[in-house]
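Data first, discussion second: the structure below is written as structure tokens.
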Amino acid sequence: MGSAAHRKNRRKLALLVFLVVVAAAAYLFTDVSFANERLFRYAMKIRIPKLIAMLVTAAAIGGASIVFQSVINNTIVTPCLLGMNSLYTLIHAVVVFVAGSGSFLVVNGNISFAVDLVLMGVAATVIYSYLFRKTNHNILYVLLIGTVLTSFFGSIQSTLVRVMDPNEYDSLLASLVASFSNINSEIIVFAVLLLAVLIFALRRELALLDVLTLGRDQAVNLGVDYDRAIRRLLLGVALCIAIATAMVGPISFLGLIIANLSRQLLKTYRHSQLIAGSALFGMIVLAGGQMIVEQVFVYAVPVSVFITVGGGIYFLYLLLGKRRVNF
């Protein structure tokens with residue numbers, strides 16, 4: 001029975017891969033002039049970096065969401081509880097308030113990405129490594145700290161926005177919404193390298209996810225250093241979200257949507273399949289959503305708005321319908 005279910009899930013994952021290829025091809029080649037070679041090259045020069053950014057973002061958020069839900073043992077939570085999105089908006093608000101929208105910290109995309117990543121990485125390391133030990137490895141305390149910091153960061157940002165020059169706020173607003181319109185290819189390469197290093201560093205903990213979800217006592221009895229593994233995984237989740245957020249901006253409900261779609265489709269305990277399914281769903285959502293934004297709404301509404309609205313509705317469906325999939 002287990003082998004049959006495994007083969008069935010492999011076929012489902014193959015179907016998702018096919019849908020990702022279709023969505024990517026539709027995004028790349030819709031409304032493109034194939035007859036004019038120069039126009040075609042120009043379109044590909046713009047769209048290919050955007051597509052790569054979508055795939056990288058989906059992989060980072062999708063994998064981090066599955067890991068986070070398994071560590072917390074709750075399938076209706078999202079890594080946004082870690083506070084990285086709020087910290088990102090606070091960083092940009094502080095930079096614009098102090099240095100102005102014309103500062104090189106804002107104009108230079110590479111420096112802006114580096115500042116976001118360093119500050120969020122340091123915050124994640126302090127909160128989800130040091131404080132995790134200080135709270136005697138209590139995950140609920142760590143989540144409470146993340147929730148409080150989210151409100152704290154949001155309050156400071158709101159205060160700065162209220163006293164900020166309206167023209168400066170207009171320029172700030174564009175960076176506070178996730179967008180794939182202006183993607184720096186150098187940032188994409190750096191983000192991919194960072195994610196690869198992070199996955200390599202956490203390869204042992206990721207391989208133990210199936211055991212960790214059995215609970216602390218069972219994992220310890222099987223010889224797993226449970227507290228260390230959970231601490232490293234939480235830190236890895238926070239860093240993945242930090243990388244994705246620094247690259248494209250905050251996308252609040254994407255992780256909740258794609259992680260639960262993966263769990264409901266695959267119905268398995270195998271985290272290798274769940275993570276792959278979540279990442280593939282994310283790629284379909286982002287590529288398809290960005291195509292609709294560009295071709296139907298002509299950039300009038302960013303894709304993050306649709307994801308937030310859809311995620312809110314899906315979250316209510318999970319709560320009211322009691323469709324909590326606890327694998």
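The values are calculated or read from the model by the stated rules, or taken from the named source; none is laboratory data. None of the values given here were measured: they were computed from a predicted structure. Positions of Cβ are backbone-derived with ideal geometry, glycine not excepted, and every protein chain shown enters the neighbour counts. The area values use the complete protein model at the heavy-atom level, side chains included, leaving out ligands, DNA and RNA. Shrake-Rupley method; radii C 1.70, N 1.55, O 1.52, S 1.80 Å.
On a straight-distance basis, which aspartates and glutamates could pair with LYS45 in a cross-link, Cα separation under 17 angstrom, same-chain partners fewer than 8 positions away excluded?
ASP31, GLU37, GLU186, GLU294
What FRET efficiency comes out for the pair ILE46/TYR269, r = Cβ-Cβ distance, R0 = 45 Å, nearest 0.05? Provide the component values of the computation, followed by the final result.
Numbers: r = 42 Å, r/R0 = 0.93.
Between ILE46 and TYR269 the formula returns 0.60.
At most 16 other Cβ atoms within 10 Å and a DSSP loop assignment: could you name the trypsin sites (Lys or Arg not before Pro) in segment 202-267 that fit?
In loop regions of segment 202-267 (DSSP not H, G, I, E or B), the sparsely surrounded trypsin sites (Lys or Arg not before Pro) are LYS267.
Could you tell me which residue out of VAL32, PRO79, VAL126 lies farthest along the dipole of segment 17-134 toward its positive end? Charges go on the beta carbon: Lys and Arg +1, Asp and Glu -1, centred on the Cα centre.
VAL126
Quick one: accessible area per residue over the chain, 1.4 Å probe, rounded to a whole number of Å²?
Heavy-atom accessible area per residue stands at 50 Å².
Is the shape of segment 75-140 rounded, prolate or oblate, going by the alpha carbon gyration tensor and its root eigenvalues a ≥ b ≥ c, with a/c under 1.5 for rounded and a/b larger than b/c for prolate?
prolate
Using a cut-off of under 19 Å, list every residue of segment 36-68 whose amide N is near the label point 7 Å from the Cα of LEU222 along the Cα-to-beta-carbon line.
66-68
Give me the Debye-computed log₁₀ of I(q)/I(0) at q = 0.20, 0.26 Å⁻¹ for segment 136-204, equal point scatterers on Cα only, no solvent, two decimals.
With one equal scatterer per Cα and no solvent, log10 I(q)/I(0) is -0.99, -1.02.
Just round it to a whole percent: the fraction of Cα-Cα distances in segment 1-44 exceeding 18 Å. Don't skip to the end; give the middle numbers.
Details: 495 of 946 pairs.
I get 52 percent for the Cα pairs in segment 1-44 exceeding 18 Å.
Quick check: from the Cα gyration tensor, does segment 36-171 come out rounded (a/c under 1.5), prolate or oblate?
Oblate shape, in that a/c is at least 1.5 and b/c is the bigger or equal ratio.
Cα-Cα pairs above 23 Å in segment 93-241: how many percent?
The proportion of pairs with Cα distances above 23 Å equals 51 percent.
With the Cα gyration tensor of segment 170-327 giving a ≥ b ≥ c as the square roots of its eigenvalues, does the rule (a/c under 1.5 for rounded; else a/b larger than b/c for prolate; else oblate) give rounded, prolate or oblate?
It is oblate, given that a/c is not under 1.5 and a/b is not larger than b/c.
Between VAL211 and HIS6, what FRET efficiency follows from the Cβ-Cβ distance if R0 is 25 Å, with the result rounded to 0.05?
Computed FRET efficiency for VAL211 and HIS6: 0.90.
Tally up the carbon and sulfur contribution to the accessible surface of the chain as a whole percent, 1.4 Å probe, everything protein left in place.
Accessible surface attributable to carbon and sulfur in the chain totals 66 percent.
With r defined as the distance between the Cβ atoms of ILE313 and LEU140 and R0 fixed at 25 Å, what FRET efficiency is calculated, to the nearest 0.05?
Values: r = 28 Å, r/R0 = 1.11.
Once the sixth-power term is evaluated, E becomes 0.35.
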